[in-house]
């Protein structure tokens with residue numbers, strides 16, 4: 001199946017470079033990588049061009065004007081820019097493990113979307129990773145164990161690898177805690193729910209909205225945990241001033257059976 005990995009970013013070129021390097025070292029490189037850029041400056045464009053010139057993976061850059069935090073809109077634009085049948089969403093501060101793409105593709109199943117773990121890195125470790133360009137996507141258990149012992153990573157359990165099995169479908173209606181930093185879904189199901197809802201502007205809950213509408217459409221949750229972790233680089237907390245309004249919007253969705261987003265992918269050609 002043709003697969004696209006959509007990496008959302010905004011003005012963090014050092015972190016993006018680290019993330020793109022991780023995708024250059026995937027066990028499965030049969031995918032198109034789409035940088036979904038929410039209005040970054042030319043410094044980010046330069047990073048993307050440098051990786052395009054290397055030619056290790058197919059890489060696209062989709063940009064929109066900077067008008068505040070509009071993650072839902074740039075993800076929809078990125079989906080519209082590719083005809084891939086399977087979409088993996090992640091972020092420009094989440095370094096993939098080496099089998100990240102392979103695991104999502106292996107566990108993909110019609111009628112289901114997947115989510116998986118992230119491991120949170122401390123501020124000191126993040127600064128060292130970026131400064132020294134540490135290849136954490138290739139770190140061993142010993143490397144991560146040392147980091148955990150020093151309080152530089154929140155947990156080690158996501159590193160455990162467990163094969164596919166019935167346990168992965170134990171919570172088919174789960175939506176709580178599922179984030180687009182590690183989520184994959186069939187394109188046909190995204191089209192069915194009209195993608196992410198762009199009425200969510202400012203940080204928070206646009207990913208929960210997407211998952212709930214997928215569940216309303218009959219698409220079920222399957223866990224990719226213990227198979228496809230990402231390593232989340234530290235960053236300051238986002239401005240959460242829009243969260244109350246977004247929370248009210250999500251609560252209204254929960255009390256409905258609505259499937260399609262009010263402002264979604266149908267705004268773009270190619271979807």
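Table for the structure above
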{"item": "Residue 251 out of contact with any strand residue (DSSP E or B) (no Cβ under 6 Å at 6 or more places or on another chain), part of a helix (DSSP H, G or I) and at negative phi", "result": "yes"}
{"item": "Test: residue in region 39-46 that is closer than 27 Å to residue 192 by Cα, touching a residue at least 12 places away in the same chain (Cβ under 8 Å) and in contact with a helix residue (DSSP H, G or I) (Cβ under 9 Å, 6 or more places away or on another chain)", "result": "no"}
{"item": "Selection status of residue 111, more than 20 Å from residue 7 (Cβ to Cβ) and touching a helix residue (DSSP H, G or I) at 6+ places or on another chain (Cβ under 9 Å)", "result": "yes"}
{"item": "Test: residue 120 is at negative phi and in contact with a helix residue (DSSP H, G or I) (Cβ under 7 Å, 6 or more places away or on another chain)", "result": "no"}
{"item": "Breaking point among (1) over 16 Å from the mean Cα position of the chain (by Cα); (2) part of a helix (DSSP H, G or I), for residue 164", "result": "(2)"}
{"item": "Check on residue 175, touching a residue at least 40 places away in the same chain (Cβ under 8 Å), under 16 Å from residue 223 (Cβ atoms), loosely packed, with under 12 Cβ neighbours inside 10 Å and in contact with a strand residue (DSSP E or B) (Cβ under 9 Å, 6 or more places away or on another chain)", "result": "no"}
{"item": "Number of the exception - residue 3 against (1) in contact (Cβ under 8 Å) with a residue 40 or more places away in the chain; (2) under 16 Å from the mean Cα position of the chain (by Cα); (3) under 25 Å from residue 127 (Cα atoms)", "result": "(3)"}
{"item": "Selection count where residues are at negative phi and surrounded by fewer than 15 Cβ atoms within 10 Å (Cβ to Cβ), scope region 218-242", "result": "7"}
{"item": "Evaluation of residue 125 against (1) closer than 22 Å to residue 176 by Cα; (2) in contact with a helix residue (DSSP H, G or I) (Cβ under 8 Å, 6 or more places away or on another chain); (3) surrounded by fewer than 24 Cβ atoms within 10 Å (Cβ to Cβ) (one fails), failing number", "result": "(1)"}
{"item": "Some residue of region 123-132 being modelled with pLDDT of 95 or more, in contact with a strand residue (DSSP E or B) (Cβ under 9 Å, 6 or more places away or on another chain) and assigned to a loop (DSSP other than H, G, I, E, B)", "result": "no"}
{"item": "Candidate set from region 133-142 (those that are assigned to a helix (DSSP H, G or I) and free of Cβ contacts under 8 Å to residues at least 24 places away in the same chain); member that is nearest to the chain's Cα centre (by Cα)", "result": "141"}
{"item": "Subset of region 229-244 (residues that are assigned to a loop (DSSP other than H, G, I, E, B) and touching a strand residue (DSSP E or B) at 6+ places or on another chain (Cβ under 7 Å))", "result": "229, 233, 234"}
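The values are calculated or read from the model by the stated rules, or taken from the named source; none is laboratory data. Here the structure is a predicted model, which is why all the values come from computation and not from measurement. Virtual Cβ from ideal backbone geometry, glycine too; neighbours counted across all protein chains shown.
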